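Down below is the structure, laid out as structure tokens.
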There are 2 protein chains.
Amino acid sequence: MRCLVAFALLALAAPSLAFADPADPTDQQMLRRIYDAALDHSPAYEQLRILTEEFPGRLAGTAAYDGAAHWSIALLQQLGCDRTELQPVTVPSWERGAPESVQLLRGDDIIPLAALALGGSVATPPDGLTASIVELPNVAALTTTDVRGKIVFFNGPMNPTYVNTGRAYSEAGAQRNRGPAEAARHGAIAVVVRSLTHALDDEPHTGSTTYLPDVPRIPAAAISTVAAERLSATLAADPAAQLKIMINSQWLPDAPSANVIGEIRGSEFPEQIILVGGHLDSWDITPGAHDDGSGCIQSIDVLRILKAVGYQPRYTIRCVLFTNEENGLRGALEYARIAGDKKEHHALALETDSGGFRPSGFNLGNAAGDAHLKAARWKSLFEPYGIFQFQAGRGGADVGPLMAKGNTVAGLMPDSQRYFDYHHTRADSIDKVNRRELELGAAAMAALVYLVDRHGL
Amino acid sequence: MRCLVAFALLALAAPSLAFADPADPTDQQMLRRIYDAALDHSPAYEQLRILTEEFPGRLAGTAAYDGAAHWSIALLQQLGCDRTELQPVTVPSWERGAPESVQLLRGDDIIPLAALALGGSVATPPDGLTASIVELPNVAALTTTDVRGKIVFFNGPMNPTYVNTGRAYSEAGAQRNRGPAEAARHGAIAVVVRSLTHALDDEPHTGSTTYLPDVPRIPAAAISTVAAERLSATLAADPAAQLKIMINSQWLPDAPSANVIGEIRGSEFPEQIILVGGHLDSWDITPGAHDDGSGCIQSIDVLRILKAVGYQPRYTIRCVLFTNEENGLRGALEYARIAGDKKEHHALALETDSGGFRPSGFNLGNAAGDAHLKAARWKSLFEPYGIFQFQAGRGGADVGPLMAKGNTVAGLMPDSQRYFDYHHTRADSIDKVNRRELELGAAAMAALVYLVDRHGL
């Protein structure tokens with residue numbers, strides 16, 4: 001592409017920069033100011049670099065998390081919040097321990113497979129666990145296959161034909177989330193799961209698994225998609241091949257942690273809240289750049305942007321960085337409990353936890369089911385900035401407990417194509433985040449917060 | 001992000017896979033089939049890997065281009081085209097020669113700056129060219145500054161506040177395209193230009209510059225944005241600093257090249273054409289993955305997809321891979337000339353030359369100015385796939401000559417945030433392309449081609 005003129009003619013019609021009356025800008029003018037503040041010399045990307053490089057592996061209850069929490073609250077204080085708080089939360093505590101290993105044993109060959117224990121997995125015996133393998137396409141196949149005494153290998157790929165990759169993740173995700181418990185119910189002794197990604201590479205993706213009270217807890221690990229393809233091909237050629245799994249994890253007593261809160265007090269309705277937030281914790285093995293360092297930095301940046309454009313909110317604008325989203329949701333539950341006790345009303349709780357990619361819209365949810373229709377009245381304001389979607393939804397995991405209490409919630413919708421390339425892996429690092437995509441997410445959130453604050457939802 | 005259920009609820013409502021009558025599918029069903037064929041086991045990404053890794057630096061008129069052309073036409077033949085053609089085109093021929101260098105001289109210090117000669121630049125004397133420097137923010141500043149005998153350093157950044165980065169490229173691009181000629185008109189002896197990118201890194205971006213017949217041709221190079229910042233800071237501290245530029249390029253006689261053409265003959269209107277295309281040439285220093293290897297592979301894939309879904313087009317569907325887009329546009333001009341001589345009518349000429357990123361819509365142009373409005377009647381069919389935009393435009397550089405002859409043109413609109421991170425650099429390689437984003441572009445193009453073929457535009 002070289003043609004300068006043609007590209008100019010394709011440019012989106014941008015609202016004018018000229019203000020008729022700077023003291024009382026129109027919504028169109030305010031959105032332009034917000035996007036200017038978000039895109040021109042934003043500190044967001046450098047902040048995300050610091051968060052992910054200085055505090056990787058910030059699982060709730062760890063020193064890395066606590067470091068990130070103190071760094072974040074200092075940032076909120078520096079940008080002039082009227083109030084900051086470390087809101088105490090007690091969180092479950094699980095440690096990976098010495099690195100896990102999954103080995104494919106075929107005849108005399110020992111073939112290491114790239115693997116990560118699932119979050120919350122129990123340990124194997126210290127010398128590991130060796131058994132033959134049953135490959136299954138999904139959890140349902142347990143009912144028609146004898147898996148007693150075996151290692152179950154769930155090898156269901158994510159469906160590539162869904163344009164929204166989150167839908168494919170949800171469907172294939174059952175084998176990671178429920179698979180180990182269901183396999184144990186049928187007599188399996190361990191589980192390995194194909195990593196939840198469309199990418200064919202050697203990066204294992206961890207994530208939580210949920211045990212059930214009435215069945216044995218068996219060790220469970222994810223293997224990379226390349227390892228899964230290799231394992232499947234080996235089993236087709238040699239059904240007697242075995243796996244040796246070694247997992248050194250342990251469960252510890254619950255630990256102290258905290259949600260990070262910073263707010264700008266509202267001038268008219270200080271007791272009513274517009275919340276912006278993401279989760280500050282990450283899995284133990286990842287820098288957590290897209291999940292959810294991006295969301296935290298974008299949420300902080302919403303406050304910076306509103307101050308930069310000189311907007312005095314009528315509602316209290318509160319940034320909340322939740323703890324323990326990845327392995328407990330205790331931060332979100334405790335926040336909602338305390339908000340309920342204080343009878344705080346949230347005019348909107350806006351979450352961002354789908355990666356720092358190019359945003360295209362919002363999902364919104366409320367008791368009446370019409371929040372997305374109400375927000376859609378601003379569609380023409382947003383379209384010049386590439387925000388087209390206002391659809392019904394439930395915001396995200398961390399605002400779920402608030403929605404359950406009758407508050408209106410929303411979630412930023414970034415493009416989902418690349419998210420599961422990095423999700424829950426060591427590769428979810430700052431170099432995978434594009435500066436402008438990150439900034440556009442913060443701008444879209446700030447714009448929605450401004451509109452809700454000015455006009456109500 | 002861990003919540004499986006919430007993500008499922010956010011999933012876009014996808015059209016049903018069940019066909020009422022498989023022999024006569026609805027448009028909704030056909031789009032679903034097209035997207036399935038594009039997203040499930042597509043060969044496109046591996047084809048792009050081969051094109052970019054085996055034929056990098058495929059400037060028109062070079063052996064690399066010819067290799068890419070023969071590889072492409074074989075691919076078109078393999079997928080069952082009714083006709084293929086290497087359409088001869090004579091192209092300008094410019095060689096970079098031995099690597100260029102730009103050195104900053106300050107006192108006894110010699111500081112190398114990452115640089116690439118602009119495409120088409122004349123050479124410096126063999127020993128290089130040394131002079132003091134005048135930094136200017138844009139071409140207009142030439143009228144108020146004495147640049148005689150100096151090297152002009154155009155240091156205008158791309159405007160970060162435009163959401164469409166192409167608009168910023170167009171504005172800042174004047175310093176690369178017209179800057180050297182205008183500086184020469186004012187007496188400058190050479191030009192260095194800040195690379196056209198939002199990224200702050202050490203990657204220089206080349207691109208064409210346009211000399212004028214009535215002014216001297218002076219050497220011109222782009223330097224990386226990091227180098228531009230360094231040079232600017234040095235000049236602020238020491239205005240006497242100099243640059244030494246060495247460029248070893250040469251212009252050669254025009255060379256033979258060819259457009260690559262493959263088509264599926266139409267069953268009802270074989271003499272009417274629906275064209276899909278990109279440009280096969282790239283700058284000499286780049287694998288050209290986004291610019292425009294992606295567009296070529298997507299265009300080829302449109303034919304594969306239509307065959308895969310069993311659709312027999314009524315119009316002739318023609319894939320054209322143009323030569324010499326980067327430094328002459330001779331391929332597009334010759335194609336349009338021959339089409340005019342043959343009185344071929346193009347019902348649509350759809351170009352893809354803005355990178356293999358997530359598509360969000362199309363621009364369309366015709367003589368009446370209403371092509372985008374006509375295509376917008378299919379908006380609801382496209383929205384489940386994330387295609388929202390149908391805007392007035394001119395397609396792109398290679399379909400420009402067809403539009404000038406009265407044909408209807410269109411251009412795929414992928415997201416523009418990352419394009420100029422890689423544009424015209426050595427870094428525009430396969431690893432910068434996401435498989436699914438590439439495939440979604442091919443799917444959107446195939447869907448538009450199908451709809452125009454079935455219903456007319």
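Here are the numbers:
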read-out	value
Dipole axis of the range A:159-250 (+1 Lys, Arg; -1 Asp, Glu on Cβ), positive-most option in A:196, A:209, A:243	A:209
Distances in nm from residue A:377 to the matching label points in the other copies, shortest first (labels 7 Å along Cα to Cβ)	3.3
Antiparallel bridge percentage (DSSP; both residues within the range A:88-165; nearest 5)	55
The protein assembly as shown: Rg to Rh, with Rh as the Kirkwood radius over Cα pairs	0.98
Dipole in debye (nearest 20) - the protein assembly as shown, about Cα centre, beta carbon charges: Lys, Arg +1; Asp, Glu -1	1440
Cα centre as origin, Lys/Arg/Asp/Glu Cβ charges: the range A:19-73 dipole, Debye	200
Euclidean distance between Cα centres, the range A:297-311 to the range A:205-266, Å	37
Label-to-label distance, nm, for residues given as residue A:214 and residue A:338 (7 Å Cα→Cβ offset)	3.7
Shielding by other protein chains, B:29-36, mean Cβ within 10 Å	1
Shielding by other protein chains, A:435-447, mean Cβ within 10 Å	2
Among A:45, A:138, A:126 the positive-end extreme of the charge dipole of the range A:43-141 (Cβ point charges)	A:45
Between 0 and 90°, nearest 10: helix B:44-54 axis offset from chain B longest Cα axis	30
For residue B:74, inter-copy label distances in nm, listed shortest first [label point 7 Å out on the Cα-Cβ vector]	6.0
Dipole in debye (nearest 20) - the range B:115-242, about Cα centre, beta carbon charges: Lys, Arg +1; Asp, Glu -1	320
If the convex hull is drawn through the Cα atoms of chain B, its volume per residue in Å³	160
In nm, spacing of pseudo-spin labels at residue B:161 and residue B:251 (7 Å Cα→C-beta vector)	4.1
Gain upon complete extension [residue B:269, residue B:127; 0.36 nm per residue less C-alpha separation]	45.0 nm
Angle in degrees between helix A:330-341 and the longest Cα principal axis of chain A, rounded to the nearest 10	40
Per-copy distances of the residue B:237 label point, shortest first, in nm (7 angstrom along Cα→Cβ)	6.1
Chain A residue with Cβ closest to the axis mapping A onto B, distance in whole Å	A:388, 2
Positive-end residue, the range A:97-248 charge dipole about Cα centroid, Cβ charges, pick of A:220, A:184, A:114	A:184
Relative packing of B:161-173, B:184-196, which averages over residues the other C-beta atoms within 10 Å, highest first	B:184-196, B:161-173
Peptides ranked, highest mean first, by Cβ atoms within 10 Å: ranges A:90-101, B:202-213, B:100-111, A:327-338	A:327-338, B:202-213, A:90-101, B:100-111
Chain lengthening between residue B:405 and residue B:144 when straightened (0.36 nm per residue, less Cα-Cα)	89.8 nm
For residue B:153, residues with placed amide H under 5 Å, excluding near neighbours	B:134, B:135, B:136, B:192
Chain B: relative contact order in percent, alpha carbon pairs under 8 Å with at least 6 residues between	20
Using alpha-carbon coordinates, inclination of helix A:63-78 to the longest axis of chain A, degrees	10
Paired Rg and Dmax values of the range A:250-405, which use every Cα atom, in angstrom	16.0, 53
The range B:97-248: radius of gyration over Cα atoms, expressed as a fraction of 2.2 N^0.38 Å	0.95
Distance in nm between pseudo-label sites at residue A:367 and residue B:242 (7 Å out along the Cβ direction from Cα)	7.9
Calculated FRET efficiency for the pair residue B:380/residue A:380, C-beta based, R₀ 22 Å, to 0.05	0.75
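Quick note: the coordinates plus some simple rules give every number you see, no bench work behind them. Remember, predicted model here, so these are calculated numbers, not experimental data. With ideal geometry, Cβ positions are generated from the backbone for all residues, glycine too; neighbour counts draw on all protein chains shown.
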